[in-house]
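The values are calculated or read from the model by the stated rules, or taken from the named source; none is laboratory data. As the structure is a computational prediction, the values presented were derived from the model and not from experiment. Note: ideal-geometry Cβ built from the backbone for every residue, glycine included; neighbour counts use all protein chains shown.
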Amino acid sequence: MSKPKLLITRRWPKAVEEAASEDFDVTLNEKDRPLSSEDMRNALTSYDAISPTVTDILNTKTFEVENVRCKILCNYGVGYSHIDLTSAQKLGICVTNTPDVLSDCTADIAMTLMLMAARRAGEGERELRADEWQGWRPTHMIGSKVTGKTLGIVGFGRIGQAMASRAHFGFGMKINIFSRSQVSSEILEKYNAKQFGSVETLLNESDFVSLHCPGGTSNRHLINASNLSYAKPDLILINTARGEVIDETALANALKNKVIKAAGLDVFDGEPKINPILMAAPNLVMLPHLGSATRETREAMGFRALENCKAFFNEEPPLDRVA
Ligand code: DGY
C-alpha cells in the first residue's frame, strides 16, 4: 500500500523530518517560507495530510476549494486559532494539535519575560552593550520584586497551571485566576489560588498578569483599554498566548501613560510584523515567539503531530483531535 502524502508546511527538527518519511510520502517546504493562501488551497487538493503551523492561514476563504484530497490537518502546535474549524469540519477534515509537550517550555518563557520585565533585564543589557554603564550604585535601574507577589493567570489549562506551579512553588507567589470555566476546588487548593469572575478584578488584584488562554475571535482584545484602566499602576503584563488577545494600541498607551508599569510579549497580532506603536512603547520586553523553542519540545511537537496523523490513517482515534 502506498504511503499517505503528507505536506509539512515549515521545516522541522531533523529527527522528526526523518521519522515522518518512515510512514509518509513527505513533501518539505525546502525554503521554509510561509505558504500563501493559494499554496494552501492547492495543498488541500494535492495531499492526504497537511501539518500546518501558526504561520499558515486556514480561514473560511482558504477552505473554499473543490476536490479536496486532504483528510487531516495535524497541526504542529497547541494553538489552532489560525484554522477555521467549522470550515474544516464541513469538508470532513480532521484537525489535531500538540498539547502537553510544550507546556513547560512555554511557561518557562512566560517566567523569563516576567523576570526580564520586572528586573529590567533588556534595558540593562542594552545599557551595557552601548558602553553606557557607569557602575554599581544604590539607585541604578531599580525594578520590581517578583518573589512573594501576586500573579494573575488568564486561562488555567495546562500552560496556565505550569506557570502557576513555577510562580507559586518557585517564587512563593499568590495565584489569582480568570477562566471562563470553573476551576475545580482540588486544582485551586493545589496552588492555593483564587478564581475571579472578571478580567477587571483580576487586573485590579494582581501585581503581575500572565495570559495563557487560546487566541481567535472569542478572546480578541480580551485585554483592552477599558479593563486596563482597572489595573494597579505597578502591574506587569505578560503574553505568551496569542497576539490578538491584547489590544496592542491600548497596551502601548497604557505603558506610555503609566497606567501599568511594564509588559513582556512573546506573541504579536499580525506577527512577524510588529505594530510600530509597540516598538516605541517604554518598559516593554519583546521576544520573537520563542515559547516552545527548545530542541526537546520542537522534536516532541513533531512526534506528537506524526502520532496523530499515523493514528488517523490506521483508523484509530487520534489522541489530540480538536475537530
Ligand atoms: C503553539 O504551539 O501554539 C505555539 O504558539 C506555536 O504555534
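How many of the residues in the range 166-181 are assigned to a loop (DSSP other than H, G, I, E, B) and touching a residue at least 12 places away in the same chain (Cβ under 8 Å)?
Residues of the range 166-181 that are assigned to a loop (DSSP other than H, G, I, E, B), as a first pass: 172-173, 179-181.
Retained after the next criterion (residues that are touching a residue at least 12 places away in the same chain (Cβ under 8 Å)): 172-173, 179.
Residues meeting the conditions: 3.
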Check your understanding: In the range 189-233, what residues are among the hydroxyl-bearing types (Ser, Thr, Tyr) and in a helix (DSSP H, G or I)?
Key -> Thr201, Thr217, Ser218, Ser226
Check your understanding: Mind checking whether some residue in the range 33-44 is more than 16 Å from the ligand (Cβ to nearest atom) and under 24 Å from Leu290 (Cβ atoms)?
Key -> yes
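What's the total number of residues in the range 256-305 that are among the charged types (D, E, K, R) and touching a Ser or Thr at 6+ places or on another chain (Cβ under 8 Å)?
Applying the first criterion (among the charged types (D, E, K, R)) to the range 256-305 yields 256, 258, 261, 266, 269, 271, 273, 295-296, 298-299, 304.
Subsequent filtering for residues that are touching a Ser or Thr at 6+ places or on another chain (Cβ under 8 Å) retains 261, 266, 298, 304.
Qualifying residue count, the range 256-305: 4.
Look through Ser87, Ser103 and report the one residue that is at pLDDT 95 or above and in contact with a helix residue (DSSP H, G or I) (Cβ under 8 Å, 6 or more places away or on another chain). Talk me through it step by step, then tell me what you get.
Values: Ser87 fails: in contact with a helix residue (DSSP H, G or I) (Cβ under 8 Å, 6 or more places away or on another chain).
Answer to the selection: Ser103.
Table: residues versus (1) more than 18 Å from Ala110 (Cβ to Cβ); (2) within 16 Å of the ligand (Cβ to nearest atom).
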position	(1), (2)
Leu251	no, no
Ala254	yes, no
Asn257	yes, no
Ile260	no, no
Asp266	no, yes
Ile274	yes, no
Ala280	yes, no
Pro288	no, yes
Gly291	no, yes
Revision key, fill the gap. Only one of Leu251, Leu287, Leu235, Leu319 is touching a residue at least 24 places away in the same chain (Cβ under 8 Å) and within 13 Å of the chain's Cα centre (by Cα), namely Leu287
